[in-house]
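The values are calculated or read from the model by the stated rules, or taken from the named source; none is laboratory data. Keep in mind the model is a prediction, meaning the values are calculated, not measured. With ideal geometry, Cβ positions are generated from the backbone for all residues, glycine too; neighbour counts draw on all protein chains shown.
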Amino acid sequence: MNSLAHYEPLIILIPAKNEVKTVGQVVSEVKARFAVTVVVIDDASTDETQKVARAAGATVLPLPFSLGAWGAIQTGLRYASKHGFNTALTMDADGQHEADSIQALLAPLASQQCDVVVGAYPQRGSLLRRIAWTFFRKVSGIALEDLTSGLRAYNRPAITLLASKAATLLDYQDMGVLILLHKAGLHVMETPILMYPRIVGHSRIFSSWWAVSQYMLHTGILCLARFKLSK
């Protein structure tokens with residue numbers, strides 16, 4: 001088992017909604033490689049996601065009603081802040097992220113190169129995703145390659161900011177979080193990682209032109225509103 005003692009106290013946060021087929025495998029792979037606290041935030045699943053996550057060794061935070069992806073992540077970040085964790089890493093419950101990428105994300109935080117590290121795999125970008133990424137780079141001025149990766153590591157100042165009320169209403173968390181971090185003067189960098197295709201199901205946002213257009217509209221408005229308010 002690999003050691004993450006250099007990064008402790010560290011918490012792994014996994015938001016999940018109806019991921020009974022994959023969440024156990026994700027938790028087990030992390031626990032098999034590292035002696036680390038793993039917390040699954042169950043976003044009001046209607047299947048046995050909670051049961052499978054607990055059986056795999058995770059602490060489960062059950063939400064009584066669905067808060068969406070960001071609401072679940074912020075719940076985890078508030079748990080991390082309350083319990084004194086200095087580093088939090090978020091990863092998806094669908095099997096796209098491999099546990100072996102964890103140390104690559106944590107190293108830049110340990111050397112104080114940045115406040116946030118995003119695990120980037122832009123090669124996964126479909127045509128729909130690439131169009132959205134290009135649009136958001138132009139609107140926000142944020143030049144990251146992979147704007148929608150859910151594999152991210154945060155230091156204590158970033159945890160504190162994202163656990164605050166200022167970050168509560170970020171419906172589409174990918175760009176909203178990046179904009180908020182940028183406004184606060186926190187430094188975000190990317191590190192290349194490998195991502196697998198989803199084991200089951202498909203992306204909620206990038207599954208159709210209609211879904212992407214709605215995402216781009218809502219997040220575009222968020223980008224413009226955030227930057228206008230910052231002036």
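Things to note:
- Residue match in the range 33-42 (condition: aliphatic (A, V, I, L, M) and over 18 Å from the mean Cα position of the chain (by Cα)): yes
- Pick from the range 104-120, criterion crowded, with 20+ Cβ neighbours inside 10 Å and of a type outside the set (A, V, I, L, M, F, W, C), ranking: nearest to the chain's Cα centre (by Cα): Gly119
- Residue check for Leu67: among the hydrophobic types (A, V, I, L, M, F, W, C), in contact with a Ser or Thr (Cβ under 9 Å, 6 or more places away or on another chain), modelled with pLDDT under 95 and within 12 Å of Ala16 (Cα to Cα): yes
- Test: residue in the range 119-136 that is among the aromatic types (Phe, Trp, Tyr) and more than 29 Å from Asn18 (Cβ to Cβ): yes
- A count restricted to the range 138-161 and to residues that are over 17 Å from the mean Cα position of the chain (by Cα), crowded, with 16+ Cβ neighbours inside 10 Å and either within 28 Å of Val38 (Cα to Cα) or without any contact (Cβ under 8 Å) to a residue 40 or more places away in the chain (or both) stands at 0.
- The range 56-76, subset under 12 Å from the mean Cα position of the chain (by Cα) and either small (Gly, Ala, Ser) or over 10 Å from Ile41 (Cα atoms) (or both), residue surrounded by the most Cβ atoms within 10 Å (Cβ to Cβ): Ala72
- Single unsatisfied condition, Val117 versus (1) under 23 Å from Val26 (Cα atoms); (2) at pLDDT below 85; (3) not in a helix (DSSP H, G or I): (2)
- Selection status of Val139, modelled with pLDDT under 95 and either touching a helix residue (DSSP H, G or I) at 6+ places or on another chain (Cβ under 9 Å) or among the basic types (Lys, Arg) (or both): yes
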